[in-house]
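Beneath this line is the structure, given in structure tokens, with notes to follow.
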Amino acid sequence: MSFLDHPFTLGLLGLILGVAAGYGLWRWQDKARQHALKLREKDLLDHARREADNLAREARLRAEEEAFKLRESTEARLATQREELMQTEKALNQRELLLNQQMEKVSAAETSLAAERKTIQVNAEALDQQQQTLDVLIRQRRDQLQHVSHLNESEARQQLLKEIEMDVSKDASRMARRIMEDAKTTAEEKARRILSIAVQRYAGEHVNDISSATVALPGEEMKGRIIGREGRNIRAFEAATGVTVLIDDTPNAIVLSAFDPVRRVIARESMQRLLADGRIHPTRIEEVVKKVGEDMDETILRCGQEAIRRAGLAPFHDDITRLLGRLHFRHSYAQNVLDHSIEVSHLAGLLAGELGLDVNQAKRAGLLHDIGKAINHEVEGAHALVGAEMARRCGETEDVVNAIASHHDEAPHKGPLGILVGAADAMSASRPGARAETMTAYIRRVEALERIGNQIEGVDRCFAIQAGRELRVMVHPEEVTDEQAHAIARKISKRIEEELQYPGQIRVTVMRETRCVEYAK
């Protein structure tokens, strides 16, 4: 058996050949792989180069486009600037032309002024010569007058001044009389026009609601239930409401008496609710009175806000609004104070508009002028001063505060608003029908008017007309002259002011009439 025929040798040779073949195959695959990689690398490089070329081309195109746009915008801006420069240059040329024309005019004017100055100088020299000649003639004339009149210069001057003074004094007296008469006529006409316009433009209604404190009962047996066992119900009601309950012989009615009108209204409403409910005992009384009081607070606030709205003003301080609401339950001579305040606000605003004053301030002062009446029973002092202090604490202006304080002349006037509010207050309170007056007081005032007129010497008859707003006086024409008639009118008006108390004003008209009657037969 030879060496080559040995199995191990054969296996080794096979292994060697296998390894050689595997190595050759690997080498071939490696070369193929490297060749493929080189091809791929070349492709990638070519692709990258192409991409770079494309990007460079796009960037170059974009740069060229942006450069083109920039060039266009620059050219447009330059064109605009060139146009502006051309317009500026044109304007400068026009201005230069205008300046040249003005310079020519100035030069011509200077030449003309020089000529006029020369002419004026010549005229002045001529006037000086004429003045010298005139002075000589005046001295000659004065010497001649002194020789003829036998008066020296000072005596003649004094006599002339005295005559001039007398003439001027007469003229001044006549002019002063005419000015006084014209001023009086104009003032009366203007005041009458302003007041008539204000009254005409405001047409307010007068509400004469009088809050009654009488409560009707469904039956006489209800009085006993109101009084309660040993009077405990009536005591509880009086303690809760602060009013006095009067139970007398009036059938089916009781009377509630209280100084505070708000308490009186609360008490009346509470009593009506208790009567409708039927349960009347101290606990129920306290519950009802408390509920009515809460409702009344809301009602007062709502009334105040409604008054401000009706006056056409901006909102006030809450305390002022509540006080205005309380005025809804107060009356003065049967005139509701809140309605009166709203009317005064409108009238004051109209008067202020006619006089050129601040309308808003006048309306605020008019609405608040009687605000003190809602608190003057709690604070001592006149209602105008109390209301002014309250308005000051609530932030109102000094003009409004002074108008409130001075509308009854209880404080000095610091401006026209106080006088304006006082006039509007008198207009609202004194017009016929605004305030109720008892028949006895009315008849007494009319009789007093007629009595004052009849006591004057020369008076024939007197008649009080216009609900006591005017007194017509007829005099004996054979005893009283026209001048005496004016004196009688002043005398009667003075006595009325001293002896009577009345709202508003009373007109006194004195009539002197002579009638001559003949019959043709």
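Please name all residue pairs, on different chains or six or more residues apart, with Cβ atoms under 9 Å, provided the first residue is in the range 250-276 and is within 11 Å of LYS223 (Cα to Cα) and the second residue is modelled with pLDDT of 85 or more.
ILE254/MET271
If you go through the range 277-289, how many residues are touching a residue at least 24 places away in the same chain (Cβ under 8 Å) and outside any helix (DSSP H, G or I)?
In the first step, residues of the range 277-289 are kept if they are touching a residue at least 24 places away in the same chain (Cβ under 8 Å); the result is 280-282, 285-286, 289.
From what's left, outside any helix (DSSP H, G or I): 280-281.
Of the residues in that region, 2 qualify.
Quick one: ARG284 ticks every box in (1) under 24 Å from ARG330 (Cβ atoms); (2) surrounded by 13 or more Cβ atoms within 10 Å (Cβ to Cβ) except a single one, so which number is it?
Going through (1) under 24 Å from ARG330 (Cβ atoms); (2) surrounded by 13 or more Cβ atoms within 10 Å (Cβ to Cβ) one by one, ARG284 breaks only (1).
Looking at this structure, is GLU518 over 25 Å from GLY422 (Cβ atoms), loosely packed, with under 15 Cβ neighbours inside 10 Å and among the charged types (D, E, K, R)?
yes
From the set of residues in the range 225-249 that are of a type in the set (S, T, N, Q) and in contact (Cβ under 8 Å) with a residue 40 or more places away in the chain, which is surrounded by the fewest Cβ atoms within 10 Å (Cβ to Cβ)?
Filtering the range 225-249 for residues that are of a type in the set (S, T, N, Q) and in contact (Cβ under 8 Å) with a residue 40 or more places away in the chain, the one surrounded by the fewest Cβ atoms within 10 Å (Cβ to Cβ) comes out as ASN233.
Every residue in the range 305-360 that is aliphatic (A, V, I, L, M) and closer than 22 Å to GLU269 by Cα, please.
Of the range 305-360, the ones aliphatic (A, V, I, L, M) are 307-308, 311, 313-314, 320, 323-324, 327, 334, 337-338, 342, 344, 347-348, 350-352, 355, 357, 359.
LEU323, LEU324, LEU327, ALA334, VAL337, LEU338, listed by residue number.
What residue, of GLY381, GLY349, is in a helix (DSSP H, G or I), modelled with pLDDT under 90 and in the same structural domain as ALA311 (by TED's automatic domain parsing)?
None of the others qualify; the one that does is GLY349.
Under 9 Å between Cβ atoms, at least 6 apart or on separate chains: pull out the pairs that start in the range 83-97 with a residue that is among the small types (Gly, Ala, Ser) and end on any residue that is not in a helix (DSSP H, G or I).
Pairs that qualify, where the first residue is among the small types (Gly, Ala, Ser) and the partner is not in a helix (DSSP H, G or I): there are none.
Of the residues in the range 250-281, how many are of a type in the set (D, E, K, R) and crowded, with 19+ Cβ neighbours inside 10 Å?
Narrowing the range 250-281 to residues of a type in the set (D, E, K, R): 260, 263-264, 268-269, 273, 277, 279.
Remaining after also requiring crowded, with 19+ Cβ neighbours inside 10 Å: 264, 268-269.
Residues flagged as of a type in the set (D, E, K, R) and crowded, with 19+ Cβ neighbours inside 10 Å within the range 250-281 amount to 3.
Kindly establish whether GLY356 is among the small types (Gly, Ala, Ser) and either farther than 24 Å from ALA405 by Cβ or touching a strand residue (DSSP E or B) at 6+ places or on another chain (Cβ under 9 Å) (or both).
No.
Residues of the range 332-345 being surrounded by fewer than 23 Cβ atoms within 10 Å (Cβ to Cβ) and either over 17 Å from HIS408 (Cα atoms) or aromatic (Phe, Trp, Tyr) (or both), which ones?
Listed by number, the residues that qualify are TYR333, ALA334, GLN335, ASN336, ASP339.
Which residue pairs have Cβ atoms under 7 Å apart, sit 6 or more places apart or on different chains, and have a first residue in the range 398-414 that is surrounded by fewer than 18 Cβ atoms within 10 Å (Cβ to Cβ) and a second that is modelled with pLDDT under 85 and assigned to a loop (DSSP other than H, G, I, E, B)?
GLU410/ALA382
Return the pair list, or none, for Cβ contacts closer than 7 Å from residues in the range 495-515 that are of a type in the set (Asp, Glu) to residues that are surrounded by 11 or more Cβ atoms within 10 Å (Cβ to Cβ), at least 6 apart or on different chains.
Here the result reads GLU499/ILE452; GLU513/PRO477, each pair linking the range 495-515 to a residue that is surrounded by 11 or more Cβ atoms within 10 Å (Cβ to Cβ).
The values are calculated or read from the model by the stated rules, or taken from the named source; none is laboratory data. As the structure is a prediction and not an experimental result, all values here were calculated from the model. Every residue, glycine as well, gets a Cβ built from its backbone with ideal geometry; the counts of neighbours run over all protein chains shown.
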